Amino acid sequence: MHCRIVLALLLAGWLASCTTPRPTGPVAVKVLAINDFHGNLKPPQGGIRIRDPQDAGKTVNVAAGGAEHLASAVSELRAQNPNHIFVAAGDLIGASPLTSALFHDEPTVEALGAMGLEASAVGNHEFDHGSAGAAAPATRRLPPGGWLQGAATVCGCALSLARGQHDR
């Protein structure tokens, strides 16, 4: 009996030491947001063309795009902003290149999950395979943390975005 009481007190003390104090003032939160990724896991050949910072009359190609560059950018921003949320505004899958589309966009879902995507709205391309396509495994799992809370009616289907399910 005494052993249980001692164990309970030790456990309670350990749990109490794990709590962090509540902030006394407002907490700034950085929203890291993306949209229209479309399963572009690989960067475009040659990068992207931007205005040359040295000469506004010229353009230069810069290595950018794809999951690796996005993951690096998210990681850097996350390190600079401890209070953040990584979200998306839809069209993360669908109209995808073969590297993602061939596998029903599962590689994109896995990549975004590894980056820590926490919530996403649905875009029109999440319905590229009709309203039933929105219930496909890749769409149901995107993002791993769940859809943004709310509901929408699209194509005559009521979607519960919180669960990623649909009803006719």
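Once the stretch 35-68 is narrowed to residues that are of a type in the set (S, T, N, Q) and touching a residue at least 40 places away in the same chain (Cβ under 8 Å), the residue that is surrounded by the most Cβ atoms within 10 Å (Cβ to Cβ) is N40. Among the residues of the stretch 91-120, those identified as surrounded by fewer than 20 Cβ atoms within 10 Å (Cβ to Cβ), at positive phi and either polar (S, T, N, Q) or at pLDDT 90 or above (or both) are A95, G116.
Residues that are within 20 Å of H38 (Cβ to Cβ), among the β-branched types (V, I, T) and modelled with pLDDT under 95 are absent from the stretch 63-86.
Working only within the stretch 19-46, note down all residues that are in contact with a helix residue (DSSP H, G or I) (Cβ under 9 Å, 6 or more places away or on another chain) and of a type outside the set (D, E, K, R). Within the stretch 19-46, L32, I34, F37, H38, G39, N40, L41, P43, P44 qualify.
The set of residues in the stretch 67-91 that are part of a strand (DSSP E or B) and among the small types (G, A, S) contains only A88.
Scanning the stretch 92-111 for residues that are in a loop (DSSP other than H, G, I, E, B) and touching a residue at least 24 places away in the same chain (Cβ under 8 Å) returns L92, I93, G94, A95, S96, P97, H104, D105.
The values are calculated or read from the model by the stated rules, or taken from the named source; none is laboratory data. Since we're looking at a predicted model, the values are computed, not measured. Backbone-built Cβ (ideal geometry, glycine too); neighbour counts: all protein chains shown.
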